[in-house]
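The values are calculated or read from the model by the stated rules, or taken from the named source; none is laboratory data. Because the structure is a prediction, the values reported are computed rather than measured. Counting neighbours? That spans all protein chains shown, and the Cβs are built from the backbone with ideal geometry, glycine included.
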Amino acid sequence: MARAAHPQAMQPKKPGTTRTAPPKMPDGFPGKGRYRTYVAFETTGLIYLLMGFIILRAIWQLGAGEAGWNGVMDAYRNPIMIGFHVLALVGVIFVGVRFFWLFPKAQPPRIGPVRPPPAAILKGMLYSVWIGTTLVMTWVLAGGAF
Amino acid sequence: MKQLLIVLEPVIWFMFGQGIMIGTILLTGWLIVVGVGVPMGIFPADALAYERMHMLGSNVIGRVVLLGLIVLPLWKGAHHLRSLAVDFGGGDRDAIVGSLLYLIAIVGSLLGIVAVIRL
Amino acid sequence: MSDVQIKKFVVTRFDPDKDEVPRTDTFEVPCQSDWMVLDALNFIKDQLDGSLSYRWSCRMAVCGSCGMNVDGAPTLTCKSPLSSYGDTVEVTPLSNFPVIRDLVVELDGFMEKLKAVKPWIIRAKEKAVEEGPYRQSPEELEDFKQFSLCINCMLCYAACPVVGNEPDFIGPAAIALGYRYNLDSRDEGASERNAIFRGEGSVYSCSFANECSEVCPENVDPAAAINQAKLSGLVDWAASLVLPRGGKD
Amino acid sequence: MVETHRHDVVIVGGGAAGLRAAIAAVEADPNITVALVSKVYPMRSHTVSAEGGAAAVTREDDSFEMHGYDTVKGSDFLGDQDVIEYFVEQAPKELTLLEHWGCPWSRNEDGSVATRAFGGMSIKRTWYAADKVGFHMLHALFQHSMRFDRIVRYDEQFVTRLLIDDGQVRGVVALDIRQGTMRAFLGRSVILCTGGGGKIFPFTTNGNIKTGDGMALAYRAGVALKDMEFVQYHPTGLPGTGILITEATRGEGAYLKNKDGERFLVTRDYGVGSKAELGPRDLISRAMVQEFEAGRGFSGSYGEYLHLDLTHLGEEKINQRLPMVRELAKVYGGVDPVYEPIPVRPVVHYMMGGVDTDIDTATQLPGLYAAGETACVSLNGANRLGSNSLTECLVFGARSGEQALQFSKGADDGNERAVRAQAEEEQARIDQLRGKVKGGEKLARLRVDMNKTLESGCGVYRQEDSMQQTVRDIAQIKGRFADLALEDKSKVFNTELVSALELHNMLEIAEVVANSAASRKESRGAHTRRDAPTRDDQNCLYHTLCFFDPAGPRIEKKDVTLGTWVPEERKY
Ligand SMILES: Cc1cc2nc3c(=O)[nH]c(=O)nc-3n(C[C@H](O)[C@H](O)[C@H](O)COP(=O)(O)OP(=O)(O)OC[C@H]3O[C@@H](n4cnc5c(N)ncnc54)[C@H](O)[C@@H]3O)c2cc1C
Ligand code: SF4
Ligand code: F3S
Ligand code: FES
C-alpha cells in the first residue's frame, strides 16, 4: 500500500465540487526500485554535510599547529572513522556516477550563442576531469611530489 | 523566511550544483588518501606529516582547494537533506528545515574561510 | 482470433457517495493476446460491470486521457500490452492526485499550473498576419521540439516524489511546456517566464529524481527541461543583477 | 436547482474548431466573455489524433484557383463553390496565425514552412509538423487560448440539449459529469463544434468521444443535417484497432501493394491515373475493396488487408517525417515499417455531412452556428480531400466566432425563466435515465448491433436492399433503447450514463445516415451504389437535407452552389 501524499497535492486552488479520496505517494516510494536509488542519492547529503565539517575540523587543527594536526591523524586511524570514510568514498563515487549520468541533459541546447557539446562528449569530459583530478590529488597527497 | 529562501534559491542551487560536481571531484582524492589510504597504511604516513601538509595547504592553490573541500560538500549536504525532508512529507515545514540547514552550511562556510586564512 | 488467456484484474473503486475510502474489485477477463490494458478495462465495463469509471478516448497514445497506475507504475493504458503483465494485474488511479471516482483523478490542479507558466508565444510586438510566417531553421525547431511533444497524460506527476509532498510545485509537464516556449526562436518572453520559474514551487523545488522522464510515454524528458531551466533561471537572475531590467514591460 | 452561467457566446466543443472560434470571438471584442463547454478537457479532443497535415496555398507555383479546383473535383462537384473560394483564400492566413501562436510546423532549410504532398492535391501544399499535426495544432491553440481570461472553460460538461425560446437559441444545458447535476450555459448565441460521429461504425479511426453529439443536438432542435450519406473511408487503417496510418505516408512516397506484391493502383485502372497512391480517398478505398473481392488481399485474424510499403523510404526519412507512424505500427501493428510493410485496410474516418450551415456558419435556427467536422458548410461535398479539414476547422471556426459574436450583440437575453424551466426538465430526464434498471437491453449490445448494421448497409459499397435493411434495423434498435438497463446509480462521474446519452445521439445520426443514403439514387464521391454505379448530375446534383420528424426522418433537397468550375467527369 502506498503512503499518503500531502493532502493538498495536485488539488486546484478552489477544491473540486465533490468529495475526493486523498492523494497517495507513488507506489514503491521510498524503498523500491529506482526510488531506492534516488533516496540513497539524497541521503548522501548527510555524508557530504559531515565530510564538510570533518574536513573543516582537520584544516582548523592544521592551522592550530603540529599537535592539533597529529591529533586529527590519530583520530583518523580509529576503525570507526576509517569505516565512515570508506562509506563516504562509496557514497561520493555513487553521487558522481549518478550525477554525471544526468548532467548532460541538464544543459540547455544553447546558452546565449554557445551550444554545449553532445552528451557523450560532455560525459567523457566530466569523467576525464574527475579521474584526472583524483589521480593528481592522490599523487600529490600521497607524497608523489614536493 | 520563505520569501527569502525563494529569492535566494538560484544561488543556493548554484552552490549545491558546485557541491555535487566539484565537491565530488575533490572529495574522491581526499578520501582515497586522507580518509582511507594513509590511516590504513596503504600510503606512507609521513606523506601527511604536519610540515608537508602545511606547505601544501598554505599556498594559494592549496587554500582554494581546501576551502572548496569544506564549503562545497556542506551545500550539497544541506540542500539534499532539505529535499530528503520534503520527500518524507516535510513540504509544510520546508521553510524552517531549509533555513536551518542552510544556516548550518553558512556557519560552516564562514568557519571554513577562517580556517584556511589561519593556515 | 488470437489466443485468449484469463487474467485477474484487481481494480481500485471509489464512489464518494458510498465509500468512505477506496476499495478494490476483482474481475476475471478473457484477454486476447494483442490486447492493451485499456482493452481489458473496456471489456470489464461492457460485459462485467458498467459502473466502472475511467477516462479514455483515442486509444492511440495521443490524447493523454488514459493514464493509470498499472501494477504500481504510472502507465498509458492504451499503449501497454497485456502480454507484459502477469496473471494478476493491479489497476489503481494515478498517484499524487486526489481521486474523484474509481480510476478518475482531479486534473484542474494541473490546468492551473499549466496556465501559470504562460505557455504561449510572448512578444513585445506581435507580427501581423500579412507579413507571413516567422523564419525558423530546422535546428531552431529542434531546440524545443522534444518538449512540445507532451500529451498532458500526467504520468510524470504521478511518478514524482516532490509533487506528492509540495502542493505548490508546478511540476514536470507544465514546466517543460513553459520552458519549450523559452527555447522557441519566435518567443521573447523568456525573462518573464524565468521570473516565474524562480518563484515559489518552481524549478528549484525539483530534486532531479528523474522519475518523470522515466515514465513519460512520449520521451519528452521533462527532467531535462526543468534542470535546464534551473541554469537559465540562474543566468537570467545574475544578468538582471548586473544589467537593470530592460524591455520587459 | 440547475446552476446557470451567462456569457455572450456559448461554444460547445474544445477541438480545433471550438478553440479557434473562442479565440476569434474574444479577439474581436475586448469586452465579451465566451463559455467553452466541452465533454473532455480540450486537449483530449479528437483533433489531437490528426496526423498528416493542413492544406493552404503556400508555394509560388501554387494558386487559389488550383486548390479550389482540386477541392471541387475531390468533392465530386458537390461542394459549394462560393464556400470553397472563401476557404482557399482564408487558408494561408489561418495557418500563418497558428504559426504565430507557436505551432511547431516542420521547416525547410531556409527557415520557411515545409509542405508535403497529399491525396487529391495537385501540388505540395500541406503544412505539417512531422506526423503529429493535429496534436500540435490542438495544443498550440489550447495553450494560446489560455492567455485569454475571457475564455471561460467548463471542462467535462456533456451538453444534452439546446435551450430554445421564442424561435431563437438561448444557450445549452449540460450534465456536469463530475457532479452528476445539470448546468445551464446561457448565451445570446451558440456555436456547435462537437466534431464527427465515426463511432457509429464498428471499424473507425475515430476516438471514443466521437459520437456525433452536436449533430444530434441540432437535429432534435429542428435543424437539418446535410449530406449525411457521405461517410469517408480512409484507405489505410490498422486491422483490428482501426488506428490511422496517415495519408502522409503516401505523400512521402509509400506504396500500396496486394498479395502478389503488385502496386495495383499503377498496374490496374482504378481511375486514379498517374496519381496512383496519391489519388483521392474514395477511389483508393474502392480499389482496395475490389482487390479483396478479386482475392488479391491477405487474410488475417481481423479480416482481409493489404500492404502499405514504406521500406524504400529509408530509416532516416521515416524517423524525421513519420515518427508517429513508426511508433503506431510497432506498438499496434506489430511491424517496424522501416523493414516490413504495414498491414492496412479501409476504415471509417470522417463525416462529410453535418449540421447544415451557410457560408457564415449560421444554421436555420437564429443564434445557432456550427463549425468543424460537426458542421456541413459544404466544403467537402461528397468526398473530403485529406488535409482540408484541419484547415476547415480554423477557417470556419474563426468565421463562426466572429459571426456568433455579431449575432450576440444584436440579440436580447430572452426569457430566462422559460429556459430555466427547460433545463429543469432536462435534469428530470437525466435523473430518470441514470441507473435505470427497468428493461433488459445492454448498452454494449445495442452499440454493437448499431455498428454492424451500419457497416453492412452503409459501407464502401451500398445497394438499395441492404440500405433499406439498415434503415429498418436502426429504427428497431432505437426502439430497444427504451428498454436499456443501466447499472450505475452514482452521480459522480457516471461514465455509463454518459455512454448512454452518447448512444442515444449516435442512434439518431445513424438513422439519418441510413435514410440519407437510401434516398440518393446515384454514385457520387464516398456514396457508391452497386445498383446505380454512375454519377447523375441531371437528377442528383443536390444536397440532401434530413429533418427530424416524430414520424421518422424527413428528406429534402437543397441546391448546390456552382460557379467557376463546371461539373465534369472525375478522372485523375
Ligand atoms: C485519426 C484521424 C486523423 C486525421 N488526420 C487529418 C489530417 O491529417 N488532416 C486533416 O485535415 N484532417 C484530419 N482528420 C480530420 C480532422 O482531424 C477532424 O475533422 C477535426 O479535427 C475535427 O475537429 P473538430 O474541432 O471539429 O472536432 P473535435 O476535435 O473532434 O472536437 C470535438 C469537441 O467537441 C466536444 N464535444 C463533443 N460532444 C460534446 C457534448 N455533447 N458536450 C460537450 N462537448 C462535446 C468534445 O469534447 C471536443 O472537445 C483526421 C481525423 C482523424 C480521426
Ligand atoms: S511530460 Fe510526458 S509524462 Fe508528463 S504529461 Fe507530458 S507526456 Fe505525460
Ligand atoms: S520526478 Fe520530480 S523531482 Fe524533478 S526530475 Fe522529475 S520533477
Ligand atoms: S486513450 Fe488516448 S492516450 Fe490512451
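Considering only the range D:28-73, state which residues are surrounded by fewer than 22 Cβ atoms within 10 Å (Cβ to Cβ) and within 11 Å of chain C (Cβ to nearest Cβ).
D:41
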Original post:
Quick one: is residue D:304 at negative phi and without any contact (Cβ under 8 Å) to a residue 40 or more places away in the chain?
Top reply: no
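Here's the yes/no breakdown for (1) facing another protein chain (nearest Cβ under 7 Å); (2) farther than 30 Å from residue B:53 by Cα:
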site	(1), (2)
A:11	yes, yes
A:16	yes, yes
A:29	yes, yes
A:47	no, no
A:66	yes, no
A:71	no, no
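Does residue C:183 satisfy being without any contact (Cβ under 8 Å) to a residue 60 or more places away in the chain, farther than 23 Å from residue B:8 by Cβ, within 9 Å of chain A (Cβ to nearest Cβ) and away from ligand 4 (no atom under 16 Å from the Cβ)?
Numbers: without any contact (Cβ under 8 Å) to a residue 60 or more places away in the chain: yes; farther than 23 Å from residue B:8 by Cβ: yes; within 9 Å of chain A (Cβ to nearest Cβ): yes; away from ligand 4 (no atom under 16 Å from the Cβ): yes.
So residue C:183 fits the description; yes.
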Subject >> Residue match in the range D:313-321 (condition: more than 14 Å from chain C (Cβ to nearest Cβ), under 12 Å from residue D:239 (Cβ atoms) and of a type in the set (D, E, K, R)) >> reply: no
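Does any residue of the range B:92-101 turn out to be within 10 Å of chain A (Cβ to nearest Cβ) and basic (Lys, Arg)?
We begin by selecting, within the range B:92-101, every residue within 10 Å of chain A (Cβ to nearest Cβ); these are B:92, B:101.
Filter once more, keeping what is basic (Lys, Arg): none.
Checked the range B:92-101: no residue is within 10 Å of chain A (Cβ to nearest Cβ) and basic (Lys, Arg).
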Original post:
Can you name the residue in the range C:174-222 that is near ligand 3 (Cβ under 10 Å from one of its atoms) and of a type in the set (Gly, Ala, Ser) and is also surrounded by the most Cβ atoms within 10 Å (Cβ to Cβ) among such residues?
Top reply: C:176
Subject >> Near pairs, Cβ below 6 angstrom, 6+ apart or cross-chain, from the range C:129-145 (more than 7 Å from chain D (Cβ to nearest Cβ) and touching a residue at least 40 places away in the same chain (Cβ under 8 Å)) to any residue that is in a helix (DSSP H, G or I) and surrounded by 15 or more Cβ atoms within 10 Å (Cβ to Cβ) >> reply: C:144/C:180
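Kindly evaluate residue D:275 against the criterion of being in a loop (DSSP other than H, G, I, E, B) and either within 14 Å of chain C (Cβ to nearest Cβ) or in contact with a Phe, Trp or Tyr (Cβ under 7 Å, 6 or more places away or on another chain) (or both). Break it down into steps so the answer makes sense when it comes.
On the way: in a loop (DSSP other than H, G, I, E, B): no; either within 14 Å of chain C (Cβ to nearest Cβ) or in contact with a Phe, Trp or Tyr (Cβ under 7 Å, 6 or more places away or on another chain) (or both): yes.
The answer is no for residue D:275.
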Subject >> Residue tally, condition polar (S, T, N, Q) and more than 7 Å from ligand 2 (Cβ to nearest atom), over the range C:147-161 >> reply: 1
Original post:
If you go through the range C:57-87, how many residues are within 15 Å of ligand 1 (Cβ to nearest atom) and more than 21 Å from residue C:8 (Cβ to Cβ)?
Top reply: 9
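Take residue D:134 and tell me if it is within 16 Å of ligand 4 (Cβ to nearest atom), touching a helix residue (DSSP H, G or I) at 6+ places or on another chain (Cβ under 9 Å) and outside the structural domain of residue D:326 (by TED's automatic domain parsing).
Working: within 16 Å of ligand 4 (Cβ to nearest atom): yes; touching a helix residue (DSSP H, G or I) at 6+ places or on another chain (Cβ under 9 Å): yes; outside the structural domain of residue D:326 (by TED's automatic domain parsing): yes.
Spelling it out, residue D:134 is indeed within 16 Å of ligand 4 (Cβ to nearest atom), touching a helix residue (DSSP H, G or I) at 6+ places or on another chain (Cβ under 9 Å) and outside the structural domain of residue D:326 (by TED's automatic domain parsing).
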Subject >> residue D:76 of a type in the set (Asp, Glu) and more than 20 Å from the chain's Cα centre (by Cα) >> reply: no
Original post:
Looking at this structure, is residue A:58 more than 9 Å from chain B (Cβ to nearest Cβ), in contact with a helix residue (DSSP H, G or I) (Cβ under 9 Å, 6 or more places away or on another chain), part of a helix (DSSP H, G or I) and of a type in the set (Gly, Ala, Ser)?
Top reply: no
**OP:** Inspect all residues belonging to the range D:218-225 and state whether any of them is within 11 Å of ligand 1 (Cβ to nearest atom) and either modelled with pLDDT of 95 or more or over 13 Å from the mean Cα position of the chain (by Cα) (or both).
**Re:** no
**OP:** Mind listing whichever residues of the range D:3-43 are within 16 Å of ligand 4 (Cβ to nearest atom) and in a helix (DSSP H, G or I)?
**Re:** D:42, D:43
Original post:
Out of all the residues in the range C:69-109, which are touching a residue at least 24 places away in the same chain (Cβ under 8 Å), more than 16 Å from residue C:41 (Cβ to Cβ), assigned to a loop (DSSP other than H, G, I, E, B) and within 9 Å of another protein chain (Cβ to nearest Cβ)?
Top reply: C:95, C:96, C:97, C:107
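Could you check how many residues of the range D:44-61 are in a helix (DSSP H, G or I) and either among the basic types (Lys, Arg) or within 16 Å of ligand 3 (Cβ to nearest atom) (or both)? Outline the logic, then answer.
Initial filter on the range D:44-61 (in a helix (DSSP H, G or I)): D:44, D:46-49.
Right, trim to either among the basic types (Lys, Arg) or within 16 Å of ligand 3 (Cβ to nearest atom) (or both) and you get D:44.
Residues in the range D:44-61 being in a helix (DSSP H, G or I) and either among the basic types (Lys, Arg) or within 16 Å of ligand 3 (Cβ to nearest atom) (or both): 1 in total.
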Original post:
Scanning for something at positive phi and crowded, with 24+ Cβ neighbours inside 10 Å, does the range D:218-238 turn up at least one residue?
Top reply: yes
Subject >> Failed criterion for residue C:62 (all others in (1) away from ligand 2 (no atom under 16 Å from the Cβ); (2) buried (at least 22 other Cβ atoms within 10 Å of the Cβ); (3) touching a residue at least 40 places away in the same chain (Cβ under 8 Å); (4) more than 14 Å from chain A (Cβ to nearest Cβ) hold) >> reply: (1)
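If you go through the range C:186-220, how many residues are more than 11 Å from ligand 2 (Cβ to nearest atom) and either among the β-branched types (Val, Ile, Thr) or more than 16 Å from residue B:6 (Cα to Cα) (or both)?
Quick first cut of the range C:186-220, residues more than 11 Å from ligand 2 (Cβ to nearest atom) only: C:186-210.
Filter again for either among the β-branched types (Val, Ile, Thr) or more than 16 Å from residue B:6 (Cα to Cα) (or both), leaving C:186-192, C:196, C:203, C:208-210.
Qualifying residue count, the range C:186-220: 12.
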Subject >> Close pairs from the range D:25-49: first in the same structural domain as residue D:398 (by TED's automatic domain parsing) and touching a residue at least 24 places away in the same chain (Cβ under 8 Å), partner within 16 Å of ligand 4 (Cβ to nearest atom) and among the basic types (Lys, Arg), Cβ under 8 Å, at least 6 apart >> reply: D:40/C:55; D:44/C:55; D:46/D:210
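Just to verify a result, which residue in the range A:100-111, among those that are among the hydrophobic types (A, V, I, L, M, F, W, C) and without any contact (Cβ under 8 Å) to a residue 12 or more places away in the chain, is farthest from residue B:24 (Cα to Cα)?
If we filter the range A:100-111 for residues that are among the hydrophobic types (A, V, I, L, M, F, W, C), which is where we start, we get A:100-103, A:106, A:111.
Subset that is without any contact (Cβ under 8 Å) to a residue 12 or more places away in the chain: A:102, A:106, A:111.
Working: A:102: 15, A:106: 18, A:111: 25 Å.
Ranking the candidates gives A:111 first.
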Subject >> Any chance residue D:471 is surrounded by 18 or more Cβ atoms within 10 Å (Cβ to Cβ) and touching a Leu at 6+ places or on another chain (Cβ under 9 Å) >> reply: no
Subject >> Whichever residue in the range D:172-216 is assigned to a strand (DSSP E or B), of a type in the set (Val, Ile, Thr) and within 18 Å of residue D:389 (Cα to Cα) and, among such residues, is nearest to ligand 4 (Cβ to nearest atom) >> reply: D:204
**OP:** Being of a type in the set (A, V, I, L, M), touching a strand residue (DSSP E or B) at 6+ places or on another chain (Cβ under 7 Å) and more than 8 Å from every other protein chain (Cβ to nearest Cβ) is the filter; apply it to the range C:146-173 and report the residue that is surrounded by the fewest Cβ atoms within 10 Å (Cβ to Cβ).
**Re:** C:154
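For the range D:117-139, give me each residue that is assigned to a loop (DSSP other than H, G, I, E, B) and crowded, with 24+ Cβ neighbours inside 10 Å.
Kept after step one, since they are assigned to a loop (DSSP other than H, G, I, E, B), are these residues of the range D:117-139: D:117-125, D:128-132.
Across the range D:117-139, the qualifying residues are D:118, D:119, D:120, D:121, D:125, D:128, D:129, D:131, D:132.
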